[in-house]
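Attaching a single structure in C-alpha coordinates format; questions to follow.
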Amino acid sequence: MGAAVIQGNVGWPQRLWIIRHGESAGNVARDHAEASGASLIDLKHRDADVPLSPLGLEQSQALGAWVRALPESDRPTTFMASPYKRATETAIAVAAALGRVHQDVVVDERLREKEFGVLDRYTRAGIRAKFPELAEQRQLVGKFYFRPPGGESWCDVVLRLRSMLGDLQRNHAGERVMIVAHQVIVNCFRYLLEQMDESTILSIDRNGDVPNCGITEYMEAPDGCGLLLQRTNFVAPLVEAGSPVTIESDRPKGAR
(Lines give C-alpha, C1' and ligand atoms only; values in the text may rest on other atoms or scores of the structure.)
Protein backbone atom coordinates (compact mmCIF):
# COMPACT_ATOMS: atom_id res chain seq x y z
CA MET A 1 0.00 0.00 0.00
CA GLY A 2 1.36 3.42 -0.96
CA ALA A 3 0.95 6.78 0.72
CA ALA A 4 -0.30 9.77 -1.19
CA VAL A 5 2.32 12.03 -2.77
CA ILE A 6 0.39 15.24 -2.06
CA GLN A 7 0.20 16.25 1.56
CA GLY A 8 -0.83 19.54 3.07
CA ASN A 9 -2.66 21.39 5.79
CA VAL A 10 -6.12 20.60 4.47
CA GLY A 11 -7.98 17.32 4.75
CA TRP A 12 -8.49 14.34 2.49
CA PRO A 13 -11.58 12.37 1.61
CA GLN A 14 -12.25 9.61 4.10
CA ARG A 15 -12.47 7.20 1.17
CA LEU A 16 -11.82 7.58 -2.55
CA TRP A 17 -12.93 5.20 -5.28
CA ILE A 18 -11.62 5.72 -8.83
CA ILE A 19 -13.52 3.62 -11.35
CA ARG A 20 -13.27 3.05 -15.06
CA HIS A 21 -16.59 3.36 -16.91
CA GLY A 22 -18.56 0.30 -18.05
CA GLU A 23 -17.97 -1.25 -21.45
CA SER A 24 -18.77 1.26 -24.18
CA ALA A 25 -19.89 1.00 -27.77
CA GLY A 26 -16.43 2.36 -28.62
CA ASN A 27 -14.73 -0.58 -26.88
CA VAL A 28 -16.75 -2.98 -29.01
CA ALA A 29 -16.09 -1.03 -32.23
CA ARG A 30 -12.37 -0.83 -31.49
CA ASP A 31 -12.09 -4.58 -31.01
CA HIS A 32 -13.93 -5.19 -34.28
CA ALA A 33 -11.67 -2.77 -36.18
CA GLU A 34 -8.49 -4.28 -34.77
CA ALA A 35 -9.63 -7.83 -35.52
CA SER A 36 -10.56 -6.97 -39.11
CA GLY A 37 -7.36 -5.04 -39.82
CA ALA A 38 -9.23 -1.80 -40.50
CA SER A 39 -7.43 1.54 -40.31
CA LEU A 40 -10.27 3.40 -38.62
CA ILE A 41 -12.63 2.57 -35.77
CA ASP A 42 -16.20 2.81 -37.03
CA LEU A 43 -18.09 5.06 -34.62
CA LYS A 44 -21.32 6.96 -35.13
CA HIS A 45 -20.47 9.55 -32.48
CA ARG A 46 -17.56 11.72 -31.47
CA ASP A 47 -15.61 10.15 -28.63
CA ALA A 48 -17.24 12.31 -25.96
CA ASP A 49 -20.70 11.08 -27.00
CA VAL A 50 -19.98 7.33 -27.20
CA PRO A 51 -22.50 5.62 -24.87
CA LEU A 52 -22.32 2.47 -22.81
CA SER A 53 -22.94 -0.80 -24.58
CA PRO A 54 -25.82 -2.95 -23.24
CA LEU A 55 -23.21 -4.96 -21.34
CA GLY A 56 -21.69 -1.74 -20.00
CA LEU A 57 -25.05 -0.72 -18.57
CA GLU A 58 -25.38 -4.15 -16.97
CA GLN A 59 -21.91 -3.78 -15.43
CA SER A 60 -22.80 -0.31 -14.12
CA GLN A 61 -25.98 -1.62 -12.52
CA ALA A 62 -24.03 -4.48 -10.92
CA LEU A 63 -21.62 -1.92 -9.48
CA GLY A 64 -24.59 0.07 -8.20
CA ALA A 65 -26.03 -2.99 -6.48
CA TRP A 66 -22.68 -3.57 -4.76
CA VAL A 67 -22.56 0.03 -3.54
CA ARG A 68 -26.16 -0.22 -2.27
CA ALA A 69 -25.22 -3.33 -0.27
CA LEU A 70 -22.46 -1.47 1.59
CA PRO A 71 -23.23 -0.26 5.12
CA GLU A 72 -24.63 3.25 4.92
CA SER A 73 -21.55 4.59 6.70
CA ASP A 74 -19.36 3.20 3.89
CA ARG A 75 -21.35 4.37 0.88
CA PRO A 76 -20.23 7.24 -1.36
CA THR A 77 -21.43 10.69 -0.34
CA THR A 78 -20.18 12.41 -3.50
CA PHE A 79 -20.21 11.24 -7.12
CA MET A 80 -17.92 12.79 -9.73
CA ALA A 81 -17.55 11.86 -13.39
CA SER A 82 -15.87 12.64 -16.66
CA PRO A 83 -18.14 14.59 -19.03
CA TYR A 84 -17.84 11.78 -21.57
CA LYS A 85 -21.17 10.01 -21.92
CA ARG A 86 -19.95 6.49 -21.09
CA ALA A 87 -18.57 7.75 -17.76
CA THR A 88 -21.56 9.88 -16.79
CA GLU A 89 -23.94 7.02 -17.66
CA THR A 90 -21.95 4.70 -15.39
CA ALA A 91 -21.91 7.20 -12.52
CA ILE A 92 -25.63 7.95 -12.89
CA ALA A 93 -26.46 4.23 -12.79
CA VAL A 94 -24.48 3.79 -9.56
CA ALA A 95 -25.96 6.92 -7.98
CA ALA A 96 -29.48 5.79 -8.94
CA ALA A 97 -28.96 2.60 -6.97
CA LEU A 98 -28.77 4.83 -3.87
CA GLY A 99 -31.84 6.79 -4.86
CA ARG A 100 -29.82 9.75 -6.12
CA VAL A 101 -30.72 11.68 -9.28
CA HIS A 102 -28.42 12.44 -12.19
CA GLN A 103 -27.99 16.04 -10.99
CA ASP A 104 -26.19 14.61 -7.95
CA VAL A 105 -23.29 13.53 -10.20
CA VAL A 106 -20.69 16.31 -10.41
CA VAL A 107 -19.27 16.42 -13.93
CA ASP A 108 -15.72 17.76 -14.18
CA GLU A 109 -13.92 18.22 -17.51
CA ARG A 110 -10.54 17.53 -15.87
CA LEU A 111 -11.64 13.88 -15.63
CA ARG A 112 -12.16 13.58 -19.40
CA GLU A 113 -10.43 10.97 -21.50
CA LYS A 114 -6.88 11.64 -22.69
CA GLU A 115 -7.16 13.55 -25.94
CA PHE A 116 -5.64 11.73 -28.92
CA GLY A 117 -5.58 14.57 -31.44
CA VAL A 118 -4.90 13.49 -35.03
CA LEU A 119 -4.64 9.84 -33.93
CA ASP A 120 -8.26 9.75 -32.78
CA ARG A 121 -10.18 6.72 -34.16
CA TYR A 122 -7.14 5.18 -35.84
CA THR A 123 -6.19 1.57 -35.10
CA ARG A 124 -2.59 0.48 -34.60
CA ALA A 125 -2.38 -0.51 -38.27
CA GLY A 126 -3.95 2.79 -39.28
CA ILE A 127 -1.45 4.82 -37.23
CA ARG A 128 1.51 3.01 -38.75
CA ALA A 129 0.14 3.48 -42.27
CA LYS A 130 -1.11 7.08 -41.98
CA PHE A 131 1.37 8.55 -39.48
CA PRO A 132 4.62 6.54 -39.67
CA GLU A 133 6.72 9.48 -38.43
CA LEU A 134 4.49 9.92 -35.38
CA ALA A 135 4.62 6.20 -34.66
CA GLU A 136 8.42 6.39 -34.76
CA GLN A 137 8.49 9.48 -32.55
CA ARG A 138 6.22 7.85 -29.99
CA GLN A 139 8.49 4.80 -29.94
CA LEU A 140 11.48 7.05 -29.26
CA VAL A 141 9.91 9.43 -26.73
CA GLY A 142 7.67 6.93 -24.95
CA LYS A 143 3.95 7.19 -24.25
CA PHE A 144 4.36 9.11 -20.98
CA TYR A 145 5.81 12.17 -22.73
CA PHE A 146 4.62 11.74 -26.33
CA ARG A 147 1.99 14.31 -27.32
CA PRO A 148 0.30 13.71 -30.71
CA PRO A 149 -0.59 16.84 -32.68
CA GLY A 150 -3.79 18.26 -31.19
CA GLY A 151 -3.69 15.75 -28.35
CA GLU A 152 -2.23 15.16 -24.89
CA SER A 153 0.59 13.25 -23.28
CA TRP A 154 0.16 11.36 -20.03
CA CYS A 155 2.00 14.28 -18.39
CA ASP A 156 -0.69 16.66 -19.60
CA VAL A 157 -3.32 14.46 -17.94
CA VAL A 158 -1.28 14.34 -14.72
CA LEU A 159 -1.15 18.14 -14.63
CA ARG A 160 -4.92 18.52 -14.74
CA LEU A 161 -5.37 15.81 -12.12
CA ARG A 162 -3.02 17.62 -9.73
CA SER A 163 -5.57 20.41 -9.53
CA MET A 164 -8.32 17.82 -9.02
CA LEU A 165 -6.50 16.49 -5.96
CA GLY A 166 -6.20 19.99 -4.58
CA ASP A 167 -9.96 20.44 -4.94
CA LEU A 168 -10.61 17.11 -3.24
CA GLN A 169 -8.54 18.27 -0.27
CA ARG A 170 -10.15 21.70 -0.05
CA ASN A 171 -13.76 20.83 -0.82
CA HIS A 172 -14.31 17.17 0.04
CA ALA A 173 -12.32 16.50 3.20
CA GLY A 174 -13.92 13.76 5.26
CA GLU A 175 -16.29 12.74 2.47
CA ARG A 176 -16.51 9.45 0.61
CA VAL A 177 -15.94 10.27 -3.04
CA MET A 178 -16.56 8.03 -6.05
CA ILE A 179 -14.99 9.13 -9.34
CA VAL A 180 -15.94 7.49 -12.65
CA ALA A 181 -13.63 8.19 -15.55
CA HIS A 182 -11.27 6.40 -17.95
CA GLN A 183 -8.34 3.99 -17.96
CA VAL A 184 -5.64 6.66 -18.36
CA ILE A 185 -7.29 8.73 -15.63
CA VAL A 186 -7.20 5.76 -13.25
CA ASN A 187 -3.52 5.17 -13.96
CA CYS A 188 -2.56 8.84 -13.70
CA PHE A 189 -4.32 9.13 -10.34
CA ARG A 190 -2.32 6.12 -9.20
CA TYR A 191 0.88 7.77 -10.44
CA LEU A 192 0.14 10.79 -8.25
CA LEU A 193 -1.29 9.12 -5.16
CA GLU A 194 1.27 6.32 -4.91
CA GLN A 195 4.38 8.39 -5.61
CA MET A 196 5.23 6.47 -8.78
CA ASP A 197 7.77 7.30 -11.44
CA GLU A 198 7.38 6.90 -15.21
CA SER A 199 8.73 3.35 -15.40
CA THR A 200 6.52 2.08 -12.56
CA ILE A 201 3.20 3.34 -13.94
CA LEU A 202 4.04 2.25 -17.49
CA SER A 203 4.92 -1.21 -16.20
CA ILE A 204 1.48 -1.40 -14.56
CA ASP A 205 -0.11 -0.25 -17.81
CA ARG A 206 1.76 -2.90 -19.81
CA ASN A 207 0.64 -5.63 -17.43
CA GLY A 208 -3.00 -5.22 -18.45
CA ASP A 209 -5.89 -2.87 -19.05
CA VAL A 210 -8.06 -1.57 -16.23
CA PRO A 211 -11.29 -3.62 -16.25
CA ASN A 212 -14.53 -1.88 -17.12
CA CYS A 213 -16.15 -0.91 -13.80
CA GLY A 214 -12.93 -2.00 -12.07
CA ILE A 215 -12.48 -0.30 -8.68
CA THR A 216 -9.31 1.30 -7.35
CA GLU A 217 -9.86 2.29 -3.73
CA TYR A 218 -8.02 4.50 -1.23
CA MET A 219 -8.65 5.33 2.43
CA GLU A 220 -7.43 8.29 4.43
CA ALA A 221 -4.22 7.54 6.32
CA PRO A 222 -4.60 7.30 10.12
CA ASP A 223 -2.57 10.49 10.55
CA GLY A 224 -4.74 12.31 8.01
CA CYS A 225 -1.72 13.19 5.89
CA GLY A 226 -2.53 11.22 2.76
CA LEU A 227 -4.43 8.40 1.13
CA LEU A 228 -3.52 4.71 1.36
CA LEU A 229 -4.20 2.25 -1.43
CA GLN A 230 -6.61 -0.54 -0.45
CA ARG A 231 -7.12 -2.43 -3.73
CA THR A 232 -6.92 -2.09 -7.49
CA ASN A 233 -8.90 -3.52 -10.41
CA PHE A 234 -11.47 -4.91 -7.99
CA VAL A 235 -14.22 -6.59 -10.02
CA ALA A 236 -15.97 -8.75 -7.42
CA PRO A 237 -19.19 -6.71 -7.79
CA LEU A 238 -19.44 -7.84 -11.42
CA VAL A 239 -18.49 -11.44 -10.67
CA GLU A 240 -21.01 -11.66 -7.84
CA ALA A 241 -23.75 -10.32 -10.12
CA GLY A 242 -22.82 -12.72 -12.93
CA SER A 243 -21.93 -9.82 -15.26
CA PRO A 244 -19.02 -10.50 -17.64
CA VAL A 245 -15.74 -8.76 -16.82
CA THR A 246 -14.32 -6.89 -19.82
CA ILE A 247 -10.85 -5.39 -20.12
CA GLU A 248 -10.92 -3.84 -23.58
CA SER A 249 -8.73 -0.78 -23.95
CA ASP A 250 -10.32 2.50 -24.92
CA ARG A 251 -7.78 3.04 -27.67
CA PRO A 252 -5.32 0.88 -29.60
CA LYS A 253 -2.03 0.53 -27.75
CA GLY A 254 -0.31 2.57 -30.43
CA ALA A 255 -2.39 5.62 -29.52
CA ARG A 256 -2.68 5.43 -25.71
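The values are calculated or read from the model by the stated rules, or taken from the named source; none is laboratory data. Small disclaimer: the values here were computed from a predicted structure and weren't measured. With ideal geometry, Cβ positions are generated from the backbone for all residues, glycine too; neighbour counts draw on all protein chains shown. Surface accessibility is based on the protein's heavy atoms, side chains included, excluding ligands, DNA and RNA. Shrake-Rupley method; radii C 1.70, N 1.55, O 1.52, S 1.80 Å.
How many residues does the range 107-154 hold that are under 21 Å from HIS45 (Cβ atoms), open to solvent by 50 Å² or more (accessible area, probe 1.4 Å) and aliphatic (A, V, I, L, M)?
2
Within the range 77-106, which residues are outside any loop (DSSP other than H, G, I, E, B), surrounded by 20 or more Cβ atoms within 10 Å (Cβ to Cβ) and of a type in the set (S, T, N, Q)?
The answer is THR88, THR90.
Same structure, new question: Taking the range 236-254 as the region of interest, how many residues are part of a loop (DSSP other than H, G, I, E, B), under 17 Å from THR90 (Cβ atoms), open to solvent by 30 Å² or more (accessible area, probe 1.4 Å) and modelled with pLDDT of 90 or more?
2
Would you tally the residues in the range 164-192 being open to solvent by 20 Å² or more (accessible area, probe 1.4 Å) and not basic (Lys, Arg)?
7
Considering only the range 160-192, how many residues are aromatic (Phe, Trp, Tyr) and touching a Leu at 6+ places or on another chain (Cβ under 7 Å)?
Residues in the range 160-192 being aromatic (Phe, Trp, Tyr) and touching a Leu at 6+ places or on another chain (Cβ under 7 Å): 1 in total.
Shifting gears a bit: Could you please find all residues in the range 193-228 being open to solvent by 50 Å² or more (accessible area, probe 1.4 Å) and assigned to a loop (DSSP other than H, G, I, E, B)?
Listed by number, the residues that qualify are GLN195, ASP197, PRO222, ASP223, CYS225.
A further question follows. State all residues of the range 153-211 that are acidic (Asp, Glu) and over 24 Å from ASP223 (Cα atoms); if no residue qualifies, say none. It would help to see each step written out before you state the result.
Of all residues in the range 153-211, those acidic (Asp, Glu) come to 156, 167, 175, 194, 197-198, 205, 209.
Scanning the range 153-211 gives ASP156, ASP197, GLU198, ASP205, ASP209.
Go through MET178, MET164, MET196, MET219 for me and flag whichever is at pLDDT 95 or above and either among the acidic types (Asp, Glu) or closer than 25 Å to GLN139 by Cα (or both).
Of the residues listed, the single one that is at pLDDT 95 or above and either among the acidic types (Asp, Glu) or closer than 25 Å to GLN139 by Cα (or both) is MET196.
Looking at (1) open to solvent by 70 Å² or more (accessible area, probe 1.4 Å); (2) within 14 Å of the chain's Cα centre (by Cα), which one does HIS32 not meet, given that it meets all the others?
Unmet for HIS32, out of (1) open to solvent by 70 Å² or more (accessible area, probe 1.4 Å); (2) within 14 Å of the chain's Cα centre (by Cα): (2).
Can you say whether GLU89 is acidic (Asp, Glu) and free of Cβ contacts under 8 Å to residues at least 40 places away in the same chain, as far as the supplied structure shows?
Numbers: acidic (Asp, Glu): yes; free of Cβ contacts under 8 Å to residues at least 40 places away in the same chain: no.
So GLU89 does not fit the description; no.
Additional query: Counting only residues that are free of Cβ contacts under 8 Å to residues at least 24 places away in the same chain and in a helix (DSSP H, G or I), how many does the range 51-70 have?
Qualifying residue count, the range 51-70: 2.
Would you confirm whether any residue within the range 176-184 is within 13 Å of the chain's Cα centre (by Cα), over 19 Å from SER24 (Cα atoms), aliphatic (A, V, I, L, M) and outside any loop (DSSP other than H, G, I, E, B)?
Scanning the range 176-184 turns up at least one residue that is within 13 Å of the chain's Cα centre (by Cα), over 19 Å from SER24 (Cα atoms), aliphatic (A, V, I, L, M) and outside any loop (DSSP other than H, G, I, E, B).
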